[in-house]
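The values are calculated or read from the model by the stated rules, or taken from the named source; none is laboratory data. Not measured: the values here are computed from a predicted model. Glycine gets a Cβ as well: all are built from the backbone with ideal geometry, and neighbour counts include every protein chain shown.
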Amino acid sequence: MQKAIELVSQGLTLRGMLHMPENVPGKVPVVVIFHGFTGNKMEPHFIFVKLSRMLEKKGIASVRFDFGGSGESDGDFVDMTLSGEIRDAHNILDYVKTLDGIDPERIGVVGLSMGGAVASVLAGERKDDIKSLCLWAPAGIMGKLILKQVAELGYDIEMIRKVGYAEHGGFRIGIGFFDDVIKLDIFEKAKNFDKNVFIIHGEKDSAVPVSVSEQYLKYYGERASLKVIKDADHTFNRSDWEKETIELTVDYLVNELKQ
């Protein structure tokens, strides 16, 4: 069963999708899924939709929301910040814990790219509420990555400050985003999560290098493992890369949440 859902976060209506297994006795585990920078609750080639439907077949519910200013949610993208998405993530987690038929003791989180950074921070800050974590190409050094990208576009922060935003792929990225992400230490917040973590990363990811996931391993230690998908790019944009990513994720979450 799939249905549209809404919640209010920071004064904005966030719009999402709930996938709930049918004909399953008792309360079911749930996975909260976070999209990346300029992404949405479906993500490229509908990979999040496919993930949710696969989880549903395995008896696991899932929730996918657009963050404020993204997708179908209220707000303007130019006002988006990483800290704001982390606050949205906290509110989404609180909402998920109240859903009928959900087992609040069996909550997993999946995040892609900047959504992986959000997921890792949320898990570090809410470790008692989250049982397991799966990160796809997590952007743990988002500040450095953004500054590098800005430089490649011929901008600098002071130039952006004068205008108030930078243009990128049809999106206006507000100066508030830059100021926020540069000062946020994602690893420091993420490292407090003390349960199992599974990280998946494309070998030829040009947006977030595999070395970033390797940094996560240094913080998480033996409780984390990394799977590098051979030749894959940032969002697993080939059917065999996508299939492997989804199957690895579902197998991991079934083992973590249904045992």
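Details
- Checked against the criterion of being part of a helix (DSSP H, G or I) and among the aromatic types (Phe, Trp, Tyr), region 155-162 contains not a single residue that satisfies it.
- Within region 147-159, residues that are closer than 12 Å to Phe178 by Cα and of a type in the set (Val, Ile, Thr) sit with their Cβ atoms under 7 Å from residues that are surrounded by 14 or more Cβ atoms within 10 Å (Cβ to Cβ) and modelled with pLDDT of 80 or more, at 6+ positions apart or across chains, in these pairs: Val150/Ala166; Ile157/Phe178.
- The residue of region 237-259 that is nearest to Val30 (Cα to Cα), among those that are at pLDDT 95 or above and of a type in the set (D, E, K, R), is Glu256.
- Residue list for region 230-244, restricted to those being under 18 Å from the mean Cα position of the chain (by Cα) and either of a type in the set (Val, Ile, Thr) or at positive phi (or both): Thr235, Phe236
- Some residue of region 123-130 being assigned to a helix (DSSP H, G or I), closer than 30 Å to Asp103 by Cβ and not charged (D, E, K, R): yes
- Note on region 131-186: among residues that are over 14 Å from Ser113 (Cα atoms) and of a type in the set (Phe, Trp, Tyr), the one that is surrounded by the fewest Cβ atoms within 10 Å (Cβ to Cβ) is Phe171.
- Restricting Val96, Val63, Val49 to residues that are outside any helix (DSSP H, G or I) and within 23 Å of Leu135 (Cβ to Cβ) narrows the list to Val63.
- Qualifying residue in region 66-74 (condition: within 17 Å of Gly101 (Cβ to Cβ) and within 16 Å of the chain's Cα centre (by Cα)): no
- Taken over region 205-222, the criterion of being exposed (fewer than 13 other Cβ atoms within 10 Å of the Cβ) and either charged (D, E, K, R) or assigned to a loop (DSSP other than H, G, I, E, B) (or both) is satisfied by Ser206, Lys218, Glu222.
- Unique match (being among the small types (Gly, Ala, Ser), crowded, with 19+ Cβ neighbours inside 10 Å, more than 22 Å from Gly202 (Cβ to Cβ) and in contact with a Phe, Trp or Tyr (Cβ under 9 Å, 6 or more places away or on another chain)) among Gly111, Gly124, Gly115: Gly124
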